[in-house]
Amino acid sequence: MAVQWYPGHMNKARREIEEVMTQVDIVIEVLDARIPDSSQNPMLTTLRGDVPVLRLLNKKDLADRSRLDLWLEHWRGNERVLAHPFSTVDKADVAKISQWVSQMVPHRGTAEKPIRAMIAGIPNVGKSSLMNALLGRRVAKVGDEPAVTKAQQKLKVTNGFQILDTPGILWPKIENPDASYRLAVTGAVRDTAIDYEDVALVGLKFFLSDYLEALITRYKLKDVTADSEPYDVLKVIGSKRGALRSGGKVDMHKSAEVFLNDVRTGAIGPYIMETPAMIAYEEQLVEEAKAAKEAKRLAKIAAAVPQRQQASNRQYADRHRNNEKDSD
Ligand SMILES: Nc1nc2c(ncn2[C@@H]2O[C@H](COP(=O)(O)OP(=O)(O)OP(=O)(O)O)[C@@H](O)[C@H]2O)c(=O)[nH]1
Ligand SMILES: [Mg+2]
């Protein structure tokens, strides 16, 4: 699946972040609480070096609290990582940020030595909403468009706490195809090459296995179990919600739109698409696939050696014959 991040974009973002990292004391990494792993940027950890990170699991209003706790537990113990469930519309959460950053950067926080923070995250996680909420005014445009790059300036949150005026926009994980689908289901990445209907079917398969009751309740489904075919269920949802073509047949594309819209706005109920155990398993599969590919490449080289040897033997024999002819 092609999530549209071009090498040029990545290199530019990487250079910018590398440069900025020398001027900041803490990174505020905004994640989508519904995909705590897939909404991370794999490069950020490397670029960050020793700079501590405050991970805000944003959109907690859409997330399932019990799975959120698994992630908090998973990250606990890393002294350079502090993670909290978060919502940019929860005033109490926004008010706690100063305290959280002070906890991570205790040696700064005065007017002379303010804590300098950078907000970073993949598209659509809520970086602009966070900046606006922190400053109590509209400094960044909320929506789908990436921020316009301009000269970096610091904005004052309090006397001892500053944030950079442009958040670092990073690319999501794209190595794992399952992660790409989850980014598409939650709406973190909208313009993908994959078919809308496919995204809806992946989402539906997930709700059937992990949140069956919520799904049944939302659409008043009958005779649907975890083993039901997602395609059949999507058809039922479409017919119930009036996603019909002229003639009364279910329009599967419209059904997919209806369903995905419900998933993205949280109308089915709070959910989280990944757990630490599941990610560990997927990472293992990705590693195995990489290892298998490498083994295949090496086998091909090994197989090519005898061929090369044979070819050089033939060349040698030909040369030998020609030499014999010449000396005749
Ligand atoms: N449900 C919910 N939605 C939120 C929350 N915070 C932000 N959003 C929504 O998420 C969407 C994206 O928010 P932005 O602040 O524009 O995200 P961004 O990270 O700046 O996006 P880019 O500039 O594209 O990188 C908007 O529709 C926000 O209203 C939250 O806590 N809960
Ligand atoms: Mg933004």
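Readers should treat all values here as calculations from the given coordinates under stated rules, not as data from a laboratory. Because the structure is predicted, anything quoted here is derived from the model rather than measured. Here the Cβ positions follow ideal geometry from the backbone for every residue, glycine too, while neighbour counts run over all protein chains shown.
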- [ ] Please verify whether segment 258-281 includes one or more residues that are more than 30 Å from residue 203 (Cα to Cα), out of contact with any strand residue (DSSP E or B) (no Cβ under 9 Å at 6 or more places or on another chain) and not β-branched (Val, Ile, Thr).
- [x] no
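Residue check: is residue 40 under 20 Å from residue 162 (Cα atoms) and not aromatic (Phe, Trp, Tyr)? Don't jump to the end; show me each part of the working.
Numbers: under 20 Å from residue 162 (Cα atoms): no; not aromatic (Phe, Trp, Tyr): yes.
Considered against the rule, which asks whether it is under 20 Å from residue 162 (Cα atoms) and not aromatic (Phe, Trp, Tyr), residue 40 comes out as no.
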TODO: Kindly indicate the residue of segment 230-248 that is of a type in the set (D, E, K, R) and touching a helix residue (DSSP H, G or I) at 6+ places or on another chain (Cβ under 9 Å) and also farthest from residue 178 (Cα to Cα) among those meeting that condition.
DONE: 245
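Within segment 48-158, considering only helices (runs of 4 or more DSSP H) that don't extend past its boundaries, which have at least 1 residues that are of a type in the set (Lys, Arg) and without any contact (Cβ under 8 Å) to a residue 60 or more places away in the chain? Working first, answer last.
Values: elements: 65-75, 91-104, 127-135.
In segment 48-158, the matching helices (runs of 4 or more DSSP H) lie at 91-104.
Anything in segment 38-54 that is buried (at least 24 other Cβ atoms within 10 Å of the Cβ) and away from ligand 1 (no atom under 14 Å from the Cβ)? List them, or say none.
Going through segment 38-54, the residues buried (at least 24 other Cβ atoms within 10 Å of the Cβ) turn out to be 38-39.
Matches in segment 38-54: 38 only.
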- [ ] Starting from residues that are buried (at least 16 other Cβ atoms within 10 Å of the Cβ), over 22 Å from residue 280 (Cβ atoms) and of a type in the set (D, E, K, R), keep the ones in segment 62-121 and report whichever is nearest to the chain's Cα centre (by Cα).
- [x] 93
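Quick check on this structure: which one of 318, 262, 251 is among the acidic types (Asp, Glu), more than 16 Å from ligand 2 (Cβ to nearest atom) and closer than 21 Å to residue 67 by Cα? Let's see the steps before the verdict.
Values: 318 fails: closer than 21 Å to residue 67 by Cα; 251 fails: closer than 21 Å to residue 67 by Cα.
Just a single option satisfies the conditions, and that option is 262.
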